[in-house]
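Everything on this sheet refers to the single structure shown next.
The values are calculated or read from the model by the stated rules, or taken from the named source; none is laboratory data. Predicted, not measured: the structure shown is a model, and the values here were computed from it. Cβ coordinates were reconstructed from backbone atoms using ideal geometry, including for glycine residues, and neighbour counts include every protein chain displayed. Only protein heavy atoms, including side chains, enter the accessible area calculation; ligands, DNA and RNA are left aside. Shrake-Rupley method; radii C 1.70, N 1.55, O 1.52, S 1.80 Å.
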Amino acid sequence: MLAWLISICMASGLCCLPSQAKQKSKVKVLIVTGQNNHNWKVSHLAIQKILDNSGLFVTDVAVSPSKGEDMDSFSPDFSSYKLVVLDYNGDSWNGKMQKNFLDFVQEGGGIVIYHAADNSFPLWRAYNEICALGGWEGRNEKDGPYAYWKDGRLVKDSSDGIGGSHGEQREYVLTSRDHSHPVMKGLPHTWKHAKDELYDRMRGPANIGTLMYTAFAEPEKGGSGREEPLIFTVDYGKARIFHIMLGHAGDTLEDNPSMQCTGFQVLLLRGAEWAATGKVTQKVPADFPTDKEVSYRKAYK
Ligand code: ZN
C-alpha cells in the first residue's frame, strides 16, 4: 500500500504522504494527578485508558509529591502538550508551575477540568476563573454566585451560602441546554448517567461559555432542588476549557461505574478533542445511553 502511494505521488508530482501522516498523528495529553480527596490512583488510570484506547490521544501522567511533601521540584512542562487534563485537588503548586500553567492556558492551550479538580486552589483567582465554578474548601458567597438553569436560562444567584455539596450517589438524567457546540453535535437531548455524585450549589466567577448539560439535584436525594450545570465550556481568553463535573472514582478500575459509563467516556473524549484542537471528528456511537437506559464500557473502550 505504501509503495503504491509513493508511486502515485511520484507519478502525479503531488505527495499525499504528509497529510496522511498528519491525520494519524495523535494529540499529546498530560494528565496531572497525585493528590486528591478522591481515589486518584483509579481515576487517572481510567482517564488514561479512555483517552489512549480511543486512538486519538497519547498520554503522559505527571504525579505530584504526596500531600505535605515538598512541592518545589514538581513542575511539568505543559508547553510540550496540546491538552492538560486536571485530576488534581491538593497542595498549592509552586510559583513556576503556576506561571507555566497560566502561560499554557493564555496561549490557547486545551484544558479539561475533571470532577474534584474544581475543588482545588480556592484562593487562586485565575484558577477559579479557569474552572468558572468550584466547590468546598471554604467557598461561599465571597467566591461568586451560584449558577443554575431556571425558566429557560442560566441564572446567576448571589445569595449567601456554602459553595459545593452533593446528595447521595444515584443514576440521573442529563438534559442538554445548547446544541450549537461541536462537542454536542449529534448527542441526545437527554441521557441517563450511571451511579455518580451530582455536584450542586457550586459557585465561582461563573464565566460559563457554552452550557452543555444540566441535571436536576432532587431534594429527596439530598440535592439542591436546582437544575445544576455539570458539563460546560469556560469563557477564558483564547483558551479552550472543557469542564466535566461527573466521574466520582470508585474503589477499583473494575468497580467504577461513573467512569465506566459510556456517556461519561464519550463526553470526555469529545470535550478533550475539542479542547486540544477546536474540532470534534468523532461520531456519536450506537452504544450511547438513552434517557431510560444506562450504558457501560467497562474496559474503557
Ligand atoms: Zn467525588
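When each of 211, 253 is tested for being on the phi < 0 side of the Ramachandran plot, open to solvent by 10 Å² or more (accessible area, probe 1.4 Å) and part of a strand (DSSP E or B), the lone residue that passes is 211. For the range 228-235, the criterion of a residue being open to solvent by less than 30 Å² (accessible area, probe 1.4 Å), among the hydroxyl-bearing types (Ser, Thr, Tyr) and either over 19 Å from residue 134 (Cβ atoms) or not in a helix (DSSP H, G or I) (or both) is satisfied by at least one position.
Scanning the range 253-274 for residues that are closer than 14 Å to residue 231 by Cβ and away from the ligand (no atom under 16 Å from the Cβ) turns up 263, 265, 266, 267, 269, 270, 271, 272, 274. Among the residues that make up the range 286-293, is at least one of them surrounded by 24 or more Cβ atoms within 10 Å (Cβ to Cβ), free of Cβ contacts under 8 Å to residues at least 60 places away in the same chain and aliphatic (A, V, I, L, M)? Checking the range 286-293: not a single residue is surrounded by 24 or more Cβ atoms within 10 Å (Cβ to Cβ), free of Cβ contacts under 8 Å to residues at least 60 places away in the same chain and aliphatic (A, V, I, L, M).
For residue 172, are the conditions met, namely being within 17 Å of the chain's Cα centre (by Cα), in contact (Cβ under 8 Å) with a residue 12 or more places away in the chain, crowded, with 16+ Cβ neighbours inside 10 Å and within 16 Å of the ligand (Cβ to nearest atom)? Judged against the criteria, residue 172 is not a match. For the range 22-43, a residue qualifies if it is in a loop (DSSP other than H, G, I, E, B) and open to solvent by less than 10 Å² (accessible area, probe 1.4 Å), and the qualifying residues are 34, 35. Looking across the range 124-141, the residues that are open to solvent by less than 20 Å² (accessible area, probe 1.4 Å) and within 16 Å of the ligand (Cβ to nearest atom) come down to 131, 133, 134, 135, 139. Of all residues in the range 63-104, exactly one satisfies the criterion of being without any contact (Cβ under 8 Å) to a residue 12 or more places away in the chain and hydroxyl-bearing (Ser, Thr, Tyr), namely 73.
Taking the options 115, 166, 193, name whichever one is open to solvent by less than 10 Å² (accessible area, probe 1.4 Å) and under 20 Å from residue 90 (Cβ atoms). Before the answer, list the steps.
On the way: 166 fails: open to solvent by less than 10 Å² (accessible area, probe 1.4 Å); 193 fails: under 20 Å from residue 90 (Cβ atoms).
That would be 115, the only listed residue that is open to solvent by less than 10 Å² (accessible area, probe 1.4 Å) and under 20 Å from residue 90 (Cβ atoms).
Residue count for the range 74-107, restricted to those that are among the hydrophobic types (A, V, I, L, M, F, W, C), open to solvent by 10 Å² or more (accessible area, probe 1.4 Å) and over 15 Å from residue 124 (Cα atoms): 2. Condition (residue is in contact with a Leu (Cβ under 8 Å, 6 or more places away or on another chain) and within 16 Å of the ligand (Cβ to nearest atom)) applied to the range 145-167: is it met by at least one residue? Within the range 145-167, one or more residues are in contact with a Leu (Cβ under 8 Å, 6 or more places away or on another chain) and within 16 Å of the ligand (Cβ to nearest atom).
Only one entry of 250, 223 meets the criterion of being among the small types (Gly, Ala, Ser), touching a residue at least 60 places away in the same chain (Cβ under 8 Å), within 16 Å of the ligand (Cβ to nearest atom) and farther than 19 Å from residue 183 by Cβ, and that entry is 250. Of everything in the range 44-66, what is surrounded by 13 or more Cβ atoms within 10 Å (Cβ to Cβ) and part of a loop (DSSP other than H, G, I, E, B)? Give them in sequence order. Hits for the range 44-66 are 54, 56, 64, 65. State yes or no: is residue 121 closer than 27 Å to residue 183 by Cα and more than 16 Å from the ligand (Cβ to nearest atom)? Against the criterion (closer than 27 Å to residue 183 by Cα and more than 16 Å from the ligand (Cβ to nearest atom)), residue 121 does not qualify.
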